Structure formats: structure tokens, C-alpha cells
1. Once amide H atoms are built 1.01 Å from N in the peptide plane, which residues 5 or more positions from VAL56, or in another chain, come under 5 Å H to H?
2. For every helix of n ≥ 4 consecutive DSSP H residues, a contribution of -39,500 (n - 2.57) applies; sum these over the chain, divide by its total residues, and give [θ] at 222 nm rounded to the nearest 500 deg cm²/dmol.
3. For a test of understanding, tell me how many lysine pairs in segment 378-466 have Cα atoms under 19 Å apart, given they are 8 or more places apart or on different chains.
4. Toward the positive end of the charge dipole of the chain, about the Cα centre and with charges on Cβ (Lys, Arg +1; Asp, Glu -1), which of HIS633, MET348, TRP411 goes farthest?
5. Rounded to the nearest 5, what is the percent of antiparallel bridges among the DSSP beta bridges in segment 254-407?
6. If contacts are Cα pairs under 8 angstrom and at least 6 residues apart, what is the relative contact order of segment 384-527 in percent?
7. Report, by chain and number, residues whose modeled amide H sits under 5 Å from the one on SER543, excluding near sequence neighbours (fewer than 5 apart, same chain).
8. Regarding segment 567-652, what's the average projected area of the Cα-atom convex hull, expressed in nm²?
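The values are calculated or read from the model by the stated rules, or taken from the named source; none is laboratory data. Fair warning: this is a prediction, and the values are worked out from it, not measured in the lab. Virtual Cβ from ideal backbone geometry, glycine too; neighbours counted across all protein chains shown. For accessibility, only protein heavy atoms count, side chains too; no ligands or nucleic acids. Shrake-Rupley method; radii C 1.70, N 1.55, O 1.52, S 1.80 Å.
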Amino acid sequence: MKKQVIGILLIMSILTLSILGCAKKADIKDTAGNSDSSGGKTEEMESEKQENTEPVRHEIPEGVSGDENPLKGLIPFQGSDTDFPHSMEWFYIGVSEVQVAMNIFDWTALEEKLNECAEQGYQAVLRFYYDYPGEKCGVPQFLIDKGLEMKPYDEPDDLGGGGLCPDYSNPDLRESMKNFIKAFGAKYDGDSRIGFITEGLLGFWGEWHNWPYDEDLSDGKPDWSIPAEVYTEVYSAFDEAFKITPLLVREPKWGVENATFNAGYHDDSFAYATLPSALGGQEWSFGQKLTDLEQTEKWKTNCIGGEVYPPIQEGVFNNPSTYPDWIEPEGRQDFETCINTVHPTWLMCDRIKLYQGEARDRAIEFSKKLGYDFRVKEATFSETVNDKSFDLDIVMENIGVAPFYYNASKWPVLIGFKNEEGLVATHKTDWDLSSVPADGSAVSFSYSLKDHKLGKGDYEVCIKVSNPLKGGRFITFANEGGKEDGWLTLGNIHVNGEEKELKVIEEVLPIVYSEPEPIPDGIDGVYQAENGVIEGQAIIDKSVPECQGGRKVGYIGIDGGSLTFENVEVPEDGVYKVEITYITKEDRFAKVSVNGGEDIRVDFPPTGEDWSTLGSIVVEFPLKAGANTLRFHNEAGWAPDLDCIKILNADQ
């Protein structure tokens, strides 16, 4: 009996020790809500601070990412000077601007464009071309001098203008093209000012086609189709020259081994000719070509970009979307369905600089739906650190529609530590964001620091993705916090040991757009268009640095667009000379009603070959003493874009 009692007591002792041991293990915190705290005195808690170095799992609260995540979203043309949130800008450039001989290059023109973007904190998306309808020829003069055939055309309706189409099968052109690509890659592959490059060069606008000059001869136009071997040569040359910067081409081509080349695709008619026929799209659509040539999965490894079809940009983000009358039903494609079908990362949409109200809000919403969207689900680390080492494990997912196409060599993830003063230490990891698939599946990353470089004290543990462009936009996660400086807080730690004097690390934060101050009317007799009364579809364009105040008023004319200058002051009745500063690429006219009187027709000659070159004319108007109104309109056509008017003195 005595032996039995002793045995029972022994078993009870073992159970008691086991329970105490489990309680000790359960005291390791789990910030997901499974903590078991038994209280205790302050000195006991301080003792635990010294001893408890077990890893703690921290669940990171979900949130919404910011509006300007880099390398994605809707993007305008370069120099748009708009407060619409964006991280990249687009530009074209002719090869003739940089190539002066078969193996001689002057990159000054490209440098100017890249620097203009970078100075605003934007990465560039660009395309070189030889033939841009309606614009200056991009073929280097030395090739023309050597006898390269240049075929003239004039297609104002289909192509927006005329130009000269080179013979792309010409041996000299092909050799110079390969030389250009090689030199381009040697100098600019991995350049932090560039986000993406579309390979371009071939066809109208560098879009790899010469439509309507193609194999369809029923329209009476000759066949200028580009040989498949030329497409392959361009593909191969870019593949060889660019190993870091992501590439895109307009579309996959028949007779070309598209899948073997390291390039994505560019849908230049997004939301108009995107969907394949199975989803209600056209038989010739971008999505149908991806299907026919077995490229529907290319987005998983290579970027898909494009352009919102220009004729629908004005109304596609209205609620509901509105379209020009001539857009057929199969061309009125649901924007979100298009996104989920072809998985684009960025889309050109120059109209974003003009959106207002609900259309602007919806455009921002859809811009954020493009590309990647990272979320950190949890982070595991010790909350008490007794030596120089520190281990961090995180679990991340990509809830966006496309991967991130750069690896850690250019866009590394940093581990940072902040104290009360600010950021005091950073460490670069080898975590590769491009390895996180865009399917919501979780990916784990781990990193061990041999020396955290911290002194005794309390710190926040943070992570941030480093943009290689100084002053460029930073990635914000779909979590709470991290929107001010890009650092996402994962939790807090206490470091024991020696005290250290740590200096705060000064970071270069993105440039914040600042809208220029409006210019008051009446100074030196000048009245700004943007200060006038705007009616109908007329709009203020805030993206024209050439204009006074950086603004002009456009879309004056058809469908009721009008602009009225009010309170135009003169000292006495009389006929006054009025200088009108405007922009137009073509001959236009406007009707001007002074003080509600009969219309006066004013003709405006072209100011230049683009929509940013200013010009002026002087017109006489009868004005009365005091305040006057001048209303510009044109029900019969388009008027020019207006910058300002100036009342001239008699001696001028």
C-alpha cells in the first residue's frame, strides 16, 4: 500500500512539472490573439525581457495599398504635370535623334527625356520608332543617303497623318538596327530611370504592323508587311542586349518563335479590342492573338502593358461608361474583365490629366487594380534581443493581377529599425519579390542578421522595398501603415546590451506634386483662360508648362464647349487690339461674342507640329468702358486650345 501511495505521489509530481512546463511554453506570445499572460510583478516582467528570446509570430493587419505604387498603373505622356497619382510616364523617340552613323550614337536627346522624368520621381516607359505617322521621320539620314527606299503615304483618317515607311527588309537598315539595339542595351540596360521598354522600331508608331498596308489588297493599298525574319532579328537583338530591364513588343507574330523570347506584350487598344472572341471580343483582338499563338500565360513571366484605346478614354471611367456613337457593341468591353483576362501591369492613358470628380475617382480605382499588390500576412521574430544577431521570417502574398517583374538585384527588400528619433539602421535582404506569384498564394522569406547594429533600447522592426531611382515612388503594401515613408512596421523589439549613439538616416522621399498657384486676371491687361467660365465639354488642361500658369483650356467647340473671359476691364469705349495666345496643330477657327453681341469669326493658323507650341494673333474687338465678356465657341468644328488674352495699349 505504501508503495502504491509513493507511486501515486510520484505521478502527480511529474504531471505538476509537466503542466508548469507547458505553462512556460504557452507564455510565448502570439499576436494573432493566442497569448496566455498570467500577470506578475514588474521585476518578473523585466526578468522575462532579459530571458525570453523565443520567436513571436505577429499577424500584420490588412489594409489598402497606396495610389502611386511604382512600375504599375495608368500613366500619362511625359511632361503631363498632373496631380493624378502615377509613377511612370511614357514617351516616343525617333532613332534618328540618337543614331548618326552605322556605329556612332549621340544619346543626348534620350538623356534629356529620361532626366525630365527622373527629376519628377517618375520612371520612364519608352519606345524608339522609325516611322510615326504625322510626326518627324525617325529614320537616320545616313540610311536614306545610302539609298534606303522610303515609301510615302498619307492617311489622316486611319493613321492620323502621313509619313515615309522604310523598307524593313533592306540589309543596311537591318544591320544599323541591330547595332542600335546593341548600343542601346550596353548603355541603358538596368538604368534606374527606365521602368519598361517596348521594343518598337518596326511599323507605324513602332507597333509591329503597317496596317492598312498589309496582305489584304482589297482596299487597293500595297502590301508593306514586315518579314518574319526581321521580327526575329529584333527580338533576338533585344534579348541579347537587355538582361535586366523588362521588354515588351506590340503582339505575338505568326512565323516567329514568340514563346522563346524574353518579352511581354503591349495592347494598344485596351478595353476596345482586348477580349478574345470567346468572351465577346473581335476575331482579330489582342486577346484572340494571345490565344491563337498560345501566349495567354506569358504574363506570368513577362509584363503586359498597353494603352487605353484613345477614342474611349474620355468616357470609359464614367459611371456607367460612355462611348463615341461609332464604337460597336463588341468594342465596348468591360474594363475589369479586360484586366482579369490579360493581366496588364501598366496602361497609357493620357486623358487621366483631365479627369475630374467621379470619373477621376474611378480611374484611380482601376489604376490600382493593375499589376502587383503585395500584402504581408505575418512576421516572426524575437521581441527580446540579447546579442548582435536578429532573425526575421515573413509571409507575403501578391493579391494583384500580375507579378513584379524585377528581382532583388535592382529592387531589394530592406529590413529597418526605428527608435524614437527615426530610422537608425537598415539591412538589405536577398528576398526576390518577382518570386511571389499573382495568385494569392503565400510565400515565406527568412533573413538572419549577424549584426543588427543597434544599441540597448526599444525599436520598431520595419521592411521597405528600395526603389533604385533616387526620389522615386516607394511600394506601399496592402496593410495598415507604411504610406508616409514606405516603411511597413512589423512589430517592436527590445535590445539588451551596450548603449550606442545612433544617427538618424536621412532618406530621399518621393517628390510630391504641387499644383502651380493660379495667376490673377487683369495684371498688365492679361486674362487667363483657366479663370474663365467653362461650359459643355471644354476642360482645363493642367499639363502644359509652356502656358502661363501651366494651364490651357481645350475642347472648345463641338458639343457645346465654350470659354467666356469675364470682367475684362478697359478704361473707355472703343475698339481694342486683343492678343490671343493659343495652341493648334492645324487650321482652326472660333466664334467670339463680345458682351453677348453677334459672333465674330476669328481664324487661327497652326502654331507648330505638336499640341504644346504656343502662338498668338492680334484681333480687334469693340469693348465698352468697365467690365466686358468675351465668349469663345464654335458649333461647326473645333476651336484652338486657349492660354490667355491680353488687352494691348493703343501704341502696341
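1. Sorted by chain and number, the residues that satisfy this are PHE381, SER382, GLU383.
2. Values: 9 runs with 111 residues, N = 652.
Mean residue ellipticity, 222 nm, calculated: -5500 deg cm²/dmol.
3. Pairs that pass both the separation and distance tests number 16.
4. Value computed over the given set: TRP411.
5. Values: 6 of 11 bridges.
Taking every DSSP beta bridge with both residues in segment 254-407, the antiparallel ones total about 55 percent.
6. With pairs under 8 Å counted, the relative contact order is 28 percent.
7. LYS552
8. Working: hull surface 22.3 nm².
That works out to 5.6 nm², a quarter of the Cα hull's surface.
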